[in-house]
Amino acid sequence: MSTPTKETSAPAAPAQPSAARRVLTGIGVQNSSLIITLIALVILLSVLNENFFRTNNLLLIGSAITIMGLLALVQTLVIILGALDISVGSMAGLASVVSAMVFTSTGNAEVGILAAVGIGILCGLVNGMIIIFGRVNPVVATLAMLATYKGIAQVISDGKSQGYTGGDDLFIFLAKGSVLGLPSLVWVFLIVAALLHFLLKYTDIGRNVYAIGGNDTAARLAGININRYIIGVYALAGVVAAVAGVLITARTGSGQPVSGSEGLELQAVTGAALGGTMLKGGRGSIISTVLAVVILGVLDNGMSGLGINPFWQNVAHGALLVIAVVLQQLRSGERRVGLPE
C-alpha cells in the first residue's frame, strides 16, 4: 500500500525591485536628492528668467564654478580624512601671484605654472607638518596659515595685481579656450574631479583615507601610516589650490593676491558639506560634491540674472552650509548640544 506523497511547493522567488528603485539605489539617496534639487532650481530659474537656458549662460555657469569647484573637490578629500583645510583660498591667491610674477620675469607660462604648483605643494606640506609635528588641530593650523599665506601674497605683491598674462597663448587658452564645445576651465574641473573620484573609489589610497576618517585608531592598528596620509592629502590640497590660483591668473590676466580668492574657503566647505561629506570624516563622494557645486553655481547665476544684490550670495552660501550641517547632525542621531537626551 503506497503512502500519499506530500507535495512540496517551491519557495517563492524574491520580489525583484522595480526599475525605478534599482536606478535610485545605483545613484544613491544623496545624489538623488541633489539631482532633484538641481532640477527644481533650474525649472524655477528658467521660469523667472527667460535667458537662463541660453547656451552662453549655461557655459558661463560652468566657467564660473570651476575655481570654487576645484577647492570644494579637494576639500572633500581632506574632510573625508577627518580634517579640514581653511587655507585653500589663500593658497590659491599666493599661487596666482607667483604664477604671474614668474611668468613676467621669465616670459614662459609653463615655468610660471610649475612655480605656482611648487608653491602649492610647499604650502600643503607645511600645513601637514604643523598638524603632525606641532600636534595642532587642523582647523586652528590652517586658519593660522590662511592669514600667513595671504600675508605672504600681499608682501611679495605689495598688495597689488601683478604681471599681465592676457597676451600669452596658454593663459588665453585656459581662460577663454574650448574643447569639444566646453570651456577649458570646465575641462580642468572635470579632469580633476575624475582623478579624485578614481583615487577615492578604486585605489587602496582612497580606501585608507576613508578608513582614517572613519576611525583613526582602528586604521592605525591596521598598520596604516596616518602621518604619511595627512601630509600627502594636504600636499595634494596644495596642488589643486595652486591649479585654482593659475586659473585665477588666467581669468583676470594678472596675479591676484586677495581679490580673486576672497571667500573661497567658505565656498569650498559649503560645496563639500552640501554634497553630503560628513564633517567628522569617513564619508563623502566626489560626484556628490560636483552636483552640489553645480547647484551653488546655478543659484549664484540665477540670483545675478534676477538682479539680486550679489552680496546676498554670501548669505545664501552661509545659510546652505548651516542647513547642510544641521541635516548631517539630525541624520547622525547625536544628542544636541545643551539639550537633554
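The values are calculated or read from the model by the stated rules, or taken from the named source; none is laboratory data. Values in this document were obtained by computation on a predicted structure and should not be read as measured data. Note: ideal-geometry Cβ built from the backbone for every residue, glycine included; neighbour counts use all protein chains shown. Just so you know, the surface numbers come from the protein's heavy atoms only, side chains and all, with ligands and any DNA or RNA stripped out. Shrake-Rupley method; radii C 1.70, N 1.55, O 1.52, S 1.80 Å.
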(message) Helix-only mean residue ellipticity at 222 nm, the chain, DSSP H runs n ≥ 4 weighted -39,500 (n - 2.57), per residue, nearest 500. What is it?
(response) -23500 deg cm²/dmol
(request) May I ask you to rank R135, R220 by accessible area, largest first, using a 1.4 Å probe over the protein chains only? (result) R135, R220
(request) In a Gaussian network model over the chain where Cα atoms closer than 10 Å are linked, find which of L199, L84, L236 has the largest mean-square fluctuation. (result) L199
(request) Using a 10 Å Cβ count of at most 16 others and DSSP loop calls, identify the longest part of the chain lacking such chymotrypsin sites (Phe, Trp or Tyr not before Pro). (result) 165-341
(message) For the range 32-116, what does the relative contact order come out to in percent, with C-alpha contacts under 8 Å and a separation of six or more?
(response) 14 percent
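Over the chain, with every protein chain in place, what whole percent of the accessible area is carbon and sulfur at 1.4 Å, could you tell me?
Here carbon and sulfur together make up 65 percent of the probe-accessible area.
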(request) Name the most mobile residue of I61, I80, I191, meaning the one with the largest mean-square fluctuation, in a Gaussian network model of the chain with Cα contacts below 10 Å. (result) I191
(message) Can you give me the accessible area per residue for the chain, using a 1.4 Å probe, in Å²?
(response) 52 Å²
(request) Just need the relative contact order of the chain here, percent rounded to a whole number, with Cα pairs under 8 Å and 6+ apart. (result) 31 percent
(message) Suppose a student asked you for the relative contact order of the range 126-266, using Cα pairs under 8 Å spaced at least 6 residues apart; what percent would you report?
(response) 37 percent
(request) Using Cα Rg over 2.2 N^0.38 Å as the read-out, say which of [x] 1.08; [y] 0.98; [z] 1.16 was calculated from these coordinates. (result) [z]
(message) For a test of understanding, tell me how many lysine pairs in the chain have Cα atoms under 29 Å apart, given they are 8 or more places apart or on different chains.
(response) 5
(message) I want to verify a result. In a Gaussian network model of the chain, Cα cutoff 10 Å, which of these has the top mean-square fluctuation: I205, I295, I86?
(response) I205
